[in-house]
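*Asks:* Have a look at the structure that comes next, please.
The values are calculated or read from the model by the stated rules, or taken from the named source; none is laboratory data. Note that the coordinates shown come from a computational prediction; the quantities given were computed from them, not determined experimentally. Quick reminder, even Gly has a Cβ in these numbers, built from the backbone with ideal geometry, and neighbours come from all protein chains shown.
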């Protein structure tokens, strides 16, 4: 039986979803192999990139130069599967529900445990994720159209270049959320407090100014409806580093599967800058 | 000889303009009777409203209900011309370059000293002014079109209602500054730190959504050019309380003359909320 055919409430019970240690144990045991959206309460979830040390050095420079799309929450020591600043108990080899394995820029497998692939030169990067700032926006009383419409957020390749580092380069990818102007202003205030999870928007208004021809044709995710009087608001997106990795074609790489994130011990509010 | 025919450098000397005590002394003596723009360095300047106690009670409630257009920096005790929280030496009867005197909603005089009009029931309100947040925007490296074009800022009556209190009511007046989206996002961050001087914008983008038909036809101030790719960004404006006072027609009222502000001992950075 695939865990992905279960519902979260079947596996965790209604009272168990907010207990991240319980959720992480069931993920570690392979019982839960699906997405983590809604499973972590107010805990920070992170994107995962694992690279051999040589490419990892380039990738860390790429993240340093592009902090809005690539906000680094933690980098492991080479060969060490622990990430103690994100959680005392985390083992990066087992604690995500599903991993994608890449060779030469091609996805070659989706597995729920990477222990057998582990090497002494692998470096793990955990990058901040929009779940954290969306949590803050919802807490602030704002509504998010893609959530209201039961869709994935709309994402677009832009003409905003990233700053290249070694192998890694490519355009910035952005996510878009339509809002009334007063809500957009509030959303800028709220997300500015969270620079480690993409921070303030990078653009708002006319999409053609950042190279987006048609908001109804996203490059990733789902188109959402835009109502009269709303403006599109664009945030730097964690798909940017994934796209850069695909273009860089490293010989070996492991990432999280989309939506199947690392659940950390940190609380979203701990990331607030003030 | 009218002081308004002098230049600031003639009166103060190039080195004297940043010394607010010197500037205030020359204003008190009646030597300088013109606008204070650029005369106060990084010191807070304020709008002035003086009302008899009965109307003052209504007006304070009006300000409390409309803090973005009417941010109160200080309210005097009835009959007291001092405002010690804004400056140990301030005498509100002499320390502005020019005052407007109003009776029944009509401006009946412009004078440089109101000592002869002083009464035991008069209450002074000093309201935050956009000079302070513009100082912060310029410090942040942003440019302001009306300054670059040597104009007054463009201001518009909107269809956003204020919350009435007693006699006082009317539409919110906003000032508009055109910016590229990335600068608008930065300007929201910068001005959010200054809630006592109008704070974050109240709107951006489509002016028709707040009842403005034509940006090139401002209700107050000067039209400015808007370049390709720029969006108009709208802040609540200190003209709002002035317009409410004109509509309320109090039997007696004194205000500053436009641009001829109270210079305080406070530094703009002291108003920053974080």
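*Asks:* Yes or no: the stretch B:156-176 includes at least one residue that is closer than 30 Å to residue B:76 by Cα, out of contact with any strand residue (DSSP E or B) (no Cβ under 9 Å at 6 or more places or on another chain) and buried (at least 21 other Cβ atoms within 10 Å of the Cβ).
*Replies:* Checked against the condition, which is being closer than 30 Å to residue B:76 by Cα, out of contact with any strand residue (DSSP E or B) (no Cβ under 9 Å at 6 or more places or on another chain) and buried (at least 21 other Cβ atoms within 10 Å of the Cβ), the stretch B:156-176 yields at least one hit.
*Asks:* Still on this structure: Would you confirm whether any residue within the stretch B:234-255 is within 11 Å of chain A (Cβ to nearest Cβ) and over 20 Å from residue B:68 (Cβ atoms)?
*Replies:* No, the stretch B:234-255 has no match at all.
*Asks:* If I ask for residues that are in a strand (DSSP E or B) and out of contact with any helix residue (DSSP H, G or I) (no Cβ under 9 Å at 6 or more places or on another chain), which ones from the stretch A:234-251 would you list?
*Replies:* A:236
*Asks:* Something else about it: Please verify whether residue A:263 is within 16 Å of the chain's Cα centre (by Cα) and at pLDDT 95 or above, treating the condition exactly as stated.
*Replies:* yes
*Asks:* Just one of (1) touching a residue at least 60 places away in the same chain (Cβ under 8 Å); (2) touching a strand residue (DSSP E or B) at 6+ places or on another chain (Cβ under 8 Å) trips up residue A:201, so point out which.
*Replies:* Going through the list (1) touching a residue at least 60 places away in the same chain (Cβ under 8 Å); (2) touching a strand residue (DSSP E or B) at 6+ places or on another chain (Cβ under 8 Å), residue A:201 breaks only (1).
*Asks:* State all residues of the stretch A:137-153 that are at pLDDT below 95 and either assigned to a strand (DSSP E or B) or within 12 Å of residue A:235 (Cβ to Cβ) (or both); if no residue qualifies, say none.
*Replies:* The answer is A:153, and nothing else.
*Asks:* When you check residue A:45 against the structure, is it in a strand (DSSP E or B) and farther than 25 Å from residue A:165 by Cβ, yes or no?
*Replies:* Here the answer is yes, as residue A:45 does meet what is asked.
*Asks:* Moving on. Which one of these does residue A:106 not meet: (1) assigned by TED's automatic domain parsing to the domain that holds residue A:59; (2) touching a strand residue (DSSP E or B) at 6+ places or on another chain (Cβ under 7 Å)?
*Replies:* It is condition (2) that residue A:106 fails.
Residues are listed down the side, and each one gets a yes or a no for (1) crowded, with 19+ Cβ neighbours inside 10 Å; (2) closer than 20 Å to residue B:131 by Cβ:
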residue	(1), (2)
B:233	yes, yes
B:241	yes, yes
B:247	no, no
B:255	yes, yes
B:260	yes, yes
B:264	yes, yes
B:269	no, yes
B:273	no, yes
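*Asks:* Further question: Would you say residue B:223 is over 20 Å from residue A:187 (Cβ atoms), in contact with a strand residue (DSSP E or B) (Cβ under 9 Å, 6 or more places away or on another chain), in a helix (DSSP H, G or I) and more than 14 Å from chain A (Cβ to nearest Cβ)?
*Replies:* no
*Asks:* How many residues are at the interface with another protein chain (Cβ under 8 Å from one of its Cβ atoms), crowded, with 22+ Cβ neighbours inside 10 Å, in contact with a helix residue (DSSP H, G or I) (Cβ under 8 Å, 6 or more places away or on another chain) and part of a helix (DSSP H, G or I) when one looks only at the stretch A:177-217?
*Replies:* Qualifying residue count for the region: 3.
*Asks:* If residue B:87 satisfies all but one of (1) touching a strand residue (DSSP E or B) at 6+ places or on another chain (Cβ under 6 Å); (2) closer than 20 Å to residue B:57 by Cα; (3) in a loop (DSSP other than H, G, I, E, B), what's the number of the condition it fails?
*Replies:* With (1) touching a strand residue (DSSP E or B) at 6+ places or on another chain (Cβ under 6 Å); (2) closer than 20 Å to residue B:57 by Cα; (3) in a loop (DSSP other than H, G, I, E, B) applied to residue B:87, the lone miss is (2).
*Asks:* Condition first: within 21 Å of the chain's Cα centre (by Cα) and outside any loop (DSSP other than H, G, I, E, B). Now tell me which residues in the stretch A:104-118 satisfy that.
*Replies:* Across the stretch A:104-118, the qualifying residues are A:106, A:107, A:108, A:109, A:110, A:111.
*Asks:* Right, here's the next one. Mind telling me which of the residues A:231, A:254 ends up being under 19 Å from residue A:75 (Cβ atoms), in contact (Cβ under 8 Å) with a residue 40 or more places away in the chain, in contact with a helix residue (DSSP H, G or I) (Cβ under 9 Å, 6 or more places away or on another chain) and outside any helix (DSSP H, G or I)?
*Replies:* Matching residue, one of A:231, A:254: A:254.
*Asks:* I would also like to ask the following. Looking at this structure, is residue B:158 within 13 Å of chain A (Cβ to nearest Cβ) and either under 20 Å from residue B:256 (Cα atoms) or part of a helix (DSSP H, G or I) (or both)?
*Replies:* No; evaluated as a whole, the condition is false for this residue.
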